[in-house]
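Any read-out appearing in this document is the output of simple, stated calculations on the displayed coordinates, not a laboratory observation. Remember, it's a predicted structure, so these values are computed and weren't measured experimentally. Cβ coordinates were reconstructed from backbone atoms using ideal geometry, including for glycine residues, and neighbour counts include every protein chain displayed.
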Amino acid sequence: MRIMIVGSLAGRLGEASRIARDAGAVLEHAETVDDAIRAIGRGSHVELVFCDVALPIADLLDYLRGQRHDIFVIACGTNAQADEAVAAIKAGAREYLPLPPDPLLIAAILHEASRDRHTPIARDPAMLAVLKRAEHIARTDASVLLTGASGTGKEVMARFIHSLSRRAQGPFVGVNCAAIPETMLESELFGHEKGAFSGAIGRRLGKFEMADGGTLLLDEISEMDVRIQAKLLRAIQEREIDRLGGGKPVRVDVRIIATSNRRLADEIAGGRFREDLYFRLNVVNLRLPALAERPSDIPRLAEHFAAHYATLNGVPPRRLTPAALQLLMRAPWPGNVRELENTLHRAVLLAEGPEIGPEALDLEAQTPRMVAPSSGESFVGRRIEDVERDLILTTLAHTNGNRTHAAVMLGISIRALRNKLRDYTLSGISVPPPLAGIAA
């Protein structure tokens, strides 16, 4: 585990850092919160921060939340700093480490943070079988292709594999191929030199170089342009990349994990994905089951999310009632674990009193389900394109024009959805606009 120590190493905090190092952690140091923010902004791949509680720890937590960095923060201070410790926990710090440090407590914090971060919650046989296979292949350097519907936890599984690999002390770097415009994705992956294109005012390292010695996650790789797929194939085969505007190749040592919620065989048949790249990535394939296929995990996941969001929002812990759990078990969960997480987050905020009952779950806000048509509403004779269009526009209307939410519900990328909506608009079909303040 990579840890950043924020504060002076001259006193008790330095002692805590040495204990963490002896426990196997890889350490970085920042004297101030501003120094820590700059280091993380430059791409420092730390997973845990030990921060002196006397520093403006709330500023660091605000920055991490704003940039969506998945980094746990541990506030460190003496018993005389109890007020500062309480304020840090309320601001979002994960734990409080009293100084002088206790080696056993530090070991427990490291173990708990590593377990919470990397181990998927699983009790159902369907998911346990996937975890067993993931553990088996984690210690190899083989490329892994993670498939499954949107929201099944593919990124969590990728981090789990990395944490058990021989590269666990190296960086884990992810890139969402669907979220980055095609014109920028090549630079994002391979980097660029100063002057490579308009606006390139300096050298920039790409994700491949940032992941050197570790793991590179290519999320939703089916959304990658075919032209960039060719360069990616070369990078994987030759273990070297070419920065945009660069004069010579750069050697890289990365393990590739890719994810897709599409059937890549269909993408290959449609000419949208290279078959040779598919074979390079699909050395090991792990299909993550939909939440409906792993029902035994629903109660445990629900309890985990309820506890997590109670802490995050500063509200008392709230227990799920038996009736609420039964309702969760009966729900179809088309959005899978992500949809369940959103439901519990909302329930924690809506619940009144010490328990979360069925009324707080508000399952009416979930994805509308396709029902079997009556004889007068048969799909027979309708073109697939028309049925797809109606489903997309109905879902978009349900989300009040929120494109991102609609894409999650439909199990497609935001880019694919926007392409469909553009085609509909060009064809003269009315498309629901996003409401003011709602993401388009």
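Along region 94-108, what does the Karplus equation 6.51 cos²θ - 1.76 cosθ + 1.60 (θ = phi - 60°) give for ³J(HN,Hα), rounded to whole Hz, x for Gly and Pro?
My calculation for region 94-108 gives 6, 8, 10, 9, x, 10, x, x, 9, x, 5, 5, 5, 4, 5 Hz in order.
Binning at 10 Å from 0, report for region 212-289 what percent of all alpha-carbon pair distances ends up in each bin.
P(r) for region 212-289, in whole percents per bin: 16, 51, 27, 6, 0.
Amide H neighbours of residue 28 under 5 Å, counting only residues 5+ apart in sequence or on other chains, H built in-plane at 1.01 Å?
3, 4, 5
Need one number: the % of Cα-Cα pairs in region 63-164 sitting beyond the 24 Å mark.
Taking all Cα-Cα pairs of region 63-164, the fraction more than 24 Å apart is 42 percent.
How much net charge surrounds residue 87 when only the other residues with a Cβ under 15 Å from the Cβ of residue 87 are counted, with Lys and Arg +1 and Asp and Glu -1?
-4
Considering only DSSP states other than H, G, I, E and B, which chymotrypsin sites (Phe, Trp or Tyr not before Pro) in region 129-217 qualify as loop sites with at most 12 other Cβ atoms within 10 Å?
Answer in residue order: 197.
All other residues with a Cβ under 11 Å from the Cβ of residue 213 taken together, and with Lys, Arg as +1 and Asp, Glu as -1, what is their net charge? Write down the numbers at each step before the final one.
Numbers: positive: 166, 167, 255; negative: 209, 212, 253.
Its environment carries a net charge of 0.
Residues of region 134-159 with backbone nitrogen within less than 20 Å of a virtual label 7 Å along the Cα-to-Cβ line of residue 300, please, listed as ranges.
Those under the cut-off are 134-138, 151-159.
With label points built 7 Å along Cα→Cβ from the Cα atoms of residue 65 and residue 231, find their separation and express it in nm.
3.7
Take the chain, connect every pair of alpha-carbon atoms lying under 10 Å apart with a spring to form a Gaussian network, then pick out the residue of 143, 165, 198 with the largest mean-square fluctuation.
In this elastic network of the chain, the residue with the biggest mean-square fluctuation among 143, 165, 198 is 198.
Can you show me the helix-derived [θ] at 222 nm for the chain, built from DSSP H runs with n ≥ 4 at -39,500 (n - 2.57) apiece and divided by the number of residues, rounded to the nearest 500.
Details: 19 runs with 199 residues, N = 440.
Result for the chain: -13500 deg cm²/dmol, rounded to the nearest 500.
Quick one: work out the % antiparallel among DSSP beta bridges in region 125-287, nearest 5.
Around 15 percent of the beta bridges assigned by DSSP in region 125-287 are antiparallel ones.
Give the shape of region 2-118 as rounded, prolate or oblate, defined through the alpha-carbon gyration tensor: a ≥ b ≥ c are the square roots of its eigenvalues, a/c under 1.5 means rounded, and otherwise the shape is prolate if a/b is larger than b/c and oblate if not.
Rounded, since a/c falls under 1.5.
Can you tell me how the chain classifies by the Cα gyration tensor, rounded, prolate or oblate, using a/c under 1.5 as the rounded cut?
oblate
Which lysines have a Cα lying under 30 Å from the Cα of residue 248, excluding residues fewer than 8 positions away in the same chain?
Result set, ordered by chain and number: 194, 207, 231.
Rounded to the nearest 0.05, what FRET efficiency is calculated for residue 426 and residue 265 with R0 set to 30 Å and r the Cβ-Cβ distance?
Given R0 = 30 Å and the Cβ-Cβ separation, E is 0.50.
From the Cα gyration tensor of region 291-365, with a ≥ b ≥ c the square roots of its eigenvalues, which class applies: rounded if a/c is under 1.5, or else prolate if a/b is larger than b/c, or else oblate?
Numbers: a/c = 1.69, a/b = 1.51, b/c = 1.12.
Judged from the Cα gyration tensor, region 291-365 comes out prolate (a/c at least 1.5, a/b above b/c).
Between beta-carbons, use under 13 Å as the cut-off and find the net charge around residue 270, counting Lys and Arg +1, Asp and Glu -1. Provide the component values of the computation, followed by the final result.
Values: positive: 262, 263, 272, 274; negative: 266, 267, 275.
Around residue 270, the surrounding residues sum to +1.
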